[in-house]
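Q: I'd like to ask you about the structure that follows.
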Amino acid sequence: GSAKRFVGFARDRGRRSAMMMRVRSGAGCGVGRQRVATLTPKRSERRGRGRGPTQVVYAGLSFNKFGRILKEKAKADLKRVFEGTEKTRERLGVVDELLAYWKVEESEDVLEELEDSLIASDFGPSAAIKLVDNLRERIKAGEIKDSKALKQELKTSMVSILESASVNSGSGELALSESAPSIILIVGVNGGGKTTTVGKLSNRFAKEGYKVMLAAGDTFRAAAKEQLEVWAERTGARVAEYPEMEKVNPMDVLKHAAEISVGEEGGVDVLICDTSGRIHNNFKLMDEIEKCKATLSNAKEGAPHETLLVLDSTTGLNMLNQAREFNDYIGITGLVLTKLDGTARGGAVVGVVEELGIPIKFIGVGETVEDL
């Protein structure tokens with residue numbers, strides 16, 4: 001009798017261990033969703049039978065561990081951003097020197113020099129004047145009395161400009177559709193880093209448990225589809241095949257990819273569409289990107305759910321004209337600033353947002369797949 005009870009106990013314990021292992025490994029869980037399994041007590045245990053109160057065990061969930069993971073990730077992200085903006089901080093060192101010995105009685109001279117320094121750091125005239133005028137008003141109101149308060153107010157004003165675009169547009173976060181698939185259109189000029197951004201975005205979504213499809217809408221550049229296939233292999237995504245026709249154009253490719261992703265219920269969570277680089281003042285090419293967006297809109301209501309403009313940070317304020325033209329043609333919902341780690345012209349970030357009121361959704365601060 002004792003042997004039978006021991007065997008039964010071991011069998012039950014083995015089943016419970018197997019169940020906990022399945023939950024921890026995510027087996028049977030839906031993509032992108034967290035599920036918590038409970039080990040249901042036997043009927044005799046529910047009645048108590050002298051064993052004390054029933055204990056429900058939550059398998060595969062540790063809040064302490066989850067908290068540590070979040071903390072470590074936030075720390076790593078902050079380190080990437082901090083290291084990626086080092087050159088910009090070095091260039092803004094002149095502002096630190098300027099404000100270090102500031103006195104109220106010399107405020108106007110210092111403010112004029114500050115305005116010049118901000119313009120020289122690619123903030124642009126509009127943003128520089130707005131920032132300095134705000135400081136001037138605070139000084140006159142007696143709210144700023146020393147250099148420390150002046151520097152803090154300057155920082156606060158810069159953050160306020162960046163946040164205002166997110167507030168005005170509804171949200172600074174990436175917009176996703178309530179029903180799959182979410183469709184994201186990536187646009188920009190030549191050499192800005194669009195395809196690399198597509199690959200990094202794919203990696204980000206895949207890590208969060210989404211099924212990703214990539215559309216190679218750049219039919220002009222040689223081996224563009226092959227480059228996207230390499231990114232797909234690295235990130236666990238797949239590239240939509242070209243439609244069966246003799247000569248394909250971007251609209252055909254995007255239409256075909258959208259139809260596949262919409263038709264596969266549960267097969268695709270996110271469709272990311274790459275496009276050819278185009279000069280913003282070439283009307284024929286801009287008309288083409290307008291048609292690309294219309295094609296996606298016809299494939300699914302509300303699509304594309306994000307239209308992201310990729311801008312090369314090393315061009316500084318020169319990217320303002322690009323952003324204006326693209327926004328006028330197709331309505332940009334967010335900006336992606338690439339190569340921020342390789343330039344001292346990061347001040348243009350504030351200038352572009354202040355001028356256009358479009359939120360920055362991502363910044364590129366390195367060459368690895370994680371640096372977005």
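Q: State yes or no: is LEU150 closer than 22 Å to THR333 by Cα and either touching a residue at least 40 places away in the same chain (Cβ under 8 Å) or open to solvent by less than 30 Å² (accessible area, probe 1.4 Å) (or both)? Write out each step before concluding.
A: Values: closer than 22 Å to THR333 by Cα: no; either touching a residue at least 40 places away in the same chain (Cβ under 8 Å) or open to solvent by less than 30 Å² (accessible area, probe 1.4 Å) (or both): yes.
So LEU150 fails the test.
Q: Those residues that are among the aliphatic types (A, V, I, L, M) and without any contact (Cβ under 8 Å) to a residue 60 or more places away in the chain, I need them from region 273-295; list them, please. Working first, answer last.
A: Restricting attention to region 273-295, the residues satisfying the condition of being among the aliphatic types (A, V, I, L, M) are 279, 285-286, 289, 294.
Within region 273-295, LEU285, MET286, ALA294 qualify.
Q: Another question about this same structure. So, in region 178-190, of the ones that are open to solvent by 50 Å² or more (accessible area, probe 1.4 Å) and of a type outside the set (Asp, Glu), which residue ends up nearest to THR275 (Cα to Cα)?
A: So, considering only residues that are open to solvent by 50 Å² or more (accessible area, probe 1.4 Å) and of a type outside the set (Asp, Glu), the one nearest to THR275 (Cα to Cα) is ASN190.
Q: Hey, another quick one. Look through THR338, THR343 and report the one residue that is under 20 Å from THR196 (Cβ atoms), touching a Ser or Thr at 6+ places or on another chain (Cβ under 6 Å) and in contact (Cβ under 8 Å) with a residue 60 or more places away in the chain.
A: Unique residue meeting the criteria: THR343.
Q: A further question on this structure: Looking only at region 232-250, count every residue that is among the hydrophobic types (A, V, I, L, M, F, W, C) and open to solvent by 30 Å² or more (accessible area, probe 1.4 Å) and tell me the total.
A: Filtering region 232-250 for residues among the hydrophobic types (A, V, I, L, M, F, W, C) gives 232, 237, 239-240, 245, 248.
Now restrict to residues that are open to solvent by 30 Å² or more (accessible area, probe 1.4 Å): 245, 248.
Summing the residues that are among the hydrophobic types (A, V, I, L, M, F, W, C) and open to solvent by 30 Å² or more (accessible area, probe 1.4 Å) in region 232-250 gives 2.
Q: Something else about it: Can you name the condition, by its number, that LEU162 falls short on among (1) within 30 Å of TYR101 (Cα to Cα); (2) over 17 Å from the mean Cα position of the chain (by Cα)?
A: For LEU162, the failing item is (2).
Listed here are the residues, each with its yes/no results for (1) hydrophobic (A, V, I, L, M, F, W, C); (2) touching a Phe, Trp or Tyr at 6+ places or on another chain (Cβ under 9 Å); (3) farther than 26 Å from GLY342 by Cα; (4) modelled with pLDDT under 90.
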residue: GLN152; (1), (2), (3), (4): no, no, yes, no
residue: ASN168; (1), (2), (3), (4): no, no, yes, yes
residue: LYS200; (1), (2), (3), (4): no, yes, no, no
residue: LEU214; (1), (2), (3), (4): yes, yes, yes, no
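Q: Does ILE139 satisfy the condition of being touching a Lys or Arg at 6+ places or on another chain (Cβ under 6 Å), closer than 23 Å to ALA100 by Cα, crowded, with 17+ Cβ neighbours inside 10 Å and at pLDDT 90 or above?
A: no
Q: So, one more: So ALA175 clears everything in (1) surrounded by 13 or more Cβ atoms within 10 Å (Cβ to Cβ); (2) among the aliphatic types (A, V, I, L, M); (3) out of contact with any Lys or Arg (no Cβ under 8 Å at 6 or more places or on another chain); (4) not in a loop (DSSP other than H, G, I, E, B) except one condition, right? Which one?
A: For ALA175, the failing item is (4).
Q: A further question follows. Just to verify a result, which residue in region 85-118, among those that are assigned to a loop (DSSP other than H, G, I, E, B) and among the hydrophobic types (A, V, I, L, M, F, W, C), is surrounded by the most Cβ atoms within 10 Å (Cβ to Cβ)?
A: TRP102
Q: In region 191-231, what residues are closer than 20 Å to GLU306 by Cα, open to solvent by 60 Å² or more (accessible area, probe 1.4 Å) and outside any helix (DSSP H, G or I)?
A: GLU208, TYR210, LYS211
Q: Here's something else I'd like to know. Test each condition in (1) surrounded by fewer than 18 Cβ atoms within 10 Å (Cβ to Cβ); (2) over 19 Å from GLU306 (Cα atoms); (3) touching a residue at least 60 places away in the same chain (Cβ under 8 Å) for SER160 and report the one that comes out false.
A: For SER160, the failing item is (3).
Q: From ALA223, ALA240, ALA258, grab the single residue that is on the phi > 0 side of the Ramachandran plot and either in contact with a strand residue (DSSP E or B) (Cβ under 7 Å, 6 or more places away or on another chain) or without any contact (Cβ under 8 Å) to a residue 40 or more places away in the chain (or both).
A: ALA223
Q: Does GLY188 fit the bill of being touching a helix residue (DSSP H, G or I) at 6+ places or on another chain (Cβ under 6 Å), among the small types (Gly, Ala, Ser) and under 24 Å from PHE205 (Cα atoms)?
A: yes
Q: Tell me, which strands (runs of 3 or more DSSP E) wholly within region 257-372 include 3 or more residues that are open to solvent by less than 30 Å² (accessible area, probe 1.4 Å)?
A: On the way: elements: 270-275, 306-312, 334-338, 360-363.
In region 257-372, the matching strands (runs of 3 or more DSSP E) lie at 270-275, 306-312, 334-338.
The values are calculated or read from the model by the stated rules, or taken from the named source; none is laboratory data. All values derive from a computational prediction rather than experimental measurement. Using ideal geometry, Cβ is built from the backbone for each residue, glycine included, and neighbour counts are taken over all protein chains shown. When the accessible area is computed, the model is the full protein with side chains, heavy atoms only, and any ligands, DNA or RNA have been set aside. Shrake-Rupley method; radii C 1.70, N 1.55, O 1.52, S 1.80 Å.
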